[in-house]
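Have a look at the structure below, then the notes.
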Amino acid sequence: MSTQRRDRRERRERRIAIVGAGPGGLTLARVLHIHGIPSTVYELDASATARDQGGTLDLDEESGQRALLHAGLLEEFRPLSRPEGGELRLLGKHADVGFHIPPPRDGDGNDRPEIDRRVLKELLLGSLPEGTVRWGQKVKAAALGAAGRPALTLADGTTVEADVLVGADGAWSRVRPLLSDADPVYTGVSFADGLLNDVDTRHPAVAELVGRGSMFALADEKGLFAQRNGGGRIRVYAAVKAPEEWSRSGLVDPADPAATRKRLLDLFPDWDEGLRALIADSDGPLVPRPIHALPIGHRWDRVPGVTLLGDAAHLMSPFAGAGANLAMLDGAELALALAAHDDLETALHAYETAMFPRAEAAATQSADHLVDFFQPDALRILRDSFTTMTAGGADR
């Protein structure tokens, strides 16, 4: 047998366990599959539709779209995306327009088209061999076995050994303690998020206020944010500075949506009624989202056979719009490294060497933007920032 064929066989026989079926974990599994390397994804959710998959994502050309290119899915992504979601409206508390980027016109380029997280996950899942994702598999613990190989203990008592264990399991990763004692820290900002359905028919004034993409209304060191999603929906986020415990117990009561809405509306007493309608008219319960982040520059020493990607590696606030993009790029580049190197440690070292500084730069930007969004003069700060970035390509 030739050396090349033997190397290919050895790569196919590696046991690669991925914890978490988010965009990063699924991208990793897909790019590995393209290179003939099987993997297994262990996911807590009972199915792909077991819960709300979250809002819309803008996929950057150099990260999320680049990952899809490596996954062989970029052309399939384009008709599923919403270029019009690139519209941006920056408002004051009286709904006065501080800055506006209109929707791209036909034929205009848009390097960050939007796609619903649910649709993106369906695209990735549909590209994987049946059985790649093991649904309803709760990971209780990750450890290094007697021989130094990583192993998972599942809720049913099953132990799964692997040659490579990848934590793609988000903020509260079960895999991260094998590499790092870092824990996410509360940023001092909390969201309460809700949803408005069938907005063009049921909430036309809100639909007009938000537009086709994203809207940020900022004042008084707080904000009301809204995103157009597919299917005629708008996802809403009320964002406030709050102590962590109060953000959980004092801001949102899932058992009493009406009281929660009143409590939130009381935080925005003199804001435009159209903006307040984002809260008042929301459908269903509002969900508390305390915003956490790992330390900027989080990294670890090499532990044989174990690594992390996405939020498990570099959780940051959403104010750089980088979370899903970085997770997908992490997944693609980790897969490419595993496909390119016969030695696993060489592959993992190559992946982490590129990932660490990239994540640190994005986390720094995210932390800086969080501060900007909650300054007393946030509207001016962000207007100036967007004006500089677009340099004449927006209405001011």
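The values are calculated or read from the model by the stated rules, or taken from the named source; none is laboratory data. All values derive from a computational prediction rather than experimental measurement. With ideal geometry, Cβ positions are generated from the backbone for all residues, glycine too; neighbour counts draw on all protein chains shown. The area values use the complete protein model at the heavy-atom level, side chains included, leaving out ligands, DNA and RNA. Shrake-Rupley method; radii C 1.70, N 1.55, O 1.52, S 1.80 Å.
Worth a mention:
- Reported count of residues in the range 1-58, each being of a type in the set (Lys, Arg), within 22 Å of Leu80 (Cα to Cα) and modelled with pLDDT of 90 or more, is 1.
- Hey, Ser385 surrounded by fewer than 21 Cβ atoms within 10 Å (Cβ to Cβ) and of a type in the set (S, T, N, Q) or not: yes
- Count of residues meeting criterion [open to solvent by 60 Å² or more (accessible area, probe 1.4 Å), assigned to a loop (DSSP other than H, G, I, E, B) and under 14 Å from Ala17 (Cβ atoms)] in the range 139-155: 1
- Within the range 304-353, tally of residues that are over 26 Å from Ile291 (Cα atoms) and among the small types (Gly, Ala, Ser): 8
- Filtered residue count, the range 312-371, keeping only those that are hydroxyl-bearing (Ser, Thr, Tyr) and more than 25 Å from Glu13 (Cα to Cα): 4
- Test: residue in the range 303-322 that is assigned to a helix (DSSP H, G or I), in contact with a His (Cβ under 9 Å, 6 or more places away or on another chain), among the acidic types (Asp, Glu) and surrounded by 19 or more Cβ atoms within 10 Å (Cβ to Cβ): no
- So Thr353, is it of a type in the set (Val, Ile, Thr) and within 30 Å of Gly148 (Cβ to Cβ): yes
- Residue count for the range 200-249 satisfying the condition of being in contact with a Pro (Cβ under 8 Å, 6 or more places away or on another chain) and among the charged types (D, E, K, R): 5.
- Yes/no for Ala350 being at pLDDT 95 or above, under 21 Å from Arg118 (Cβ atoms) and open to solvent by 10 Å² or more (accessible area, probe 1.4 Å): no
- Qualifying residue in the range 110-125 (condition: over 26 Å from Ile34 (Cβ atoms), open to solvent by 10 Å² or more (accessible area, probe 1.4 Å) and either at pLDDT below 95 or assigned to a strand (DSSP E or B) (or both)): yes
- Strands (runs of 3 or more DSSP E) contained entirely in the range 186-299, each with at least 2 residues that are at negative phi and surrounded by fewer than 20 Cβ atoms within 10 Å (Cβ to Cβ): 233-241, 283-293
- Residue among Ala332, Ala362, Ala339 that is at pLDDT 90 or above, farther than 21 Å from Lys222 by Cα and surrounded by 23 or more Cβ atoms within 10 Å (Cβ to Cβ): Ala332
- Extreme residue, farthest from Thr56 (Cα to Cα), among residues of the range 162-178 that are of a type outside the set (Gly, Ala, Ser) and surrounded by fewer than 22 Cβ atoms within 10 Å (Cβ to Cβ): Asp163
- Only residues that are open to solvent by 40 Å² or more (accessible area, probe 1.4 Å) and part of a helix (DSSP H, G or I) were counted in the range 84-106, giving 1.
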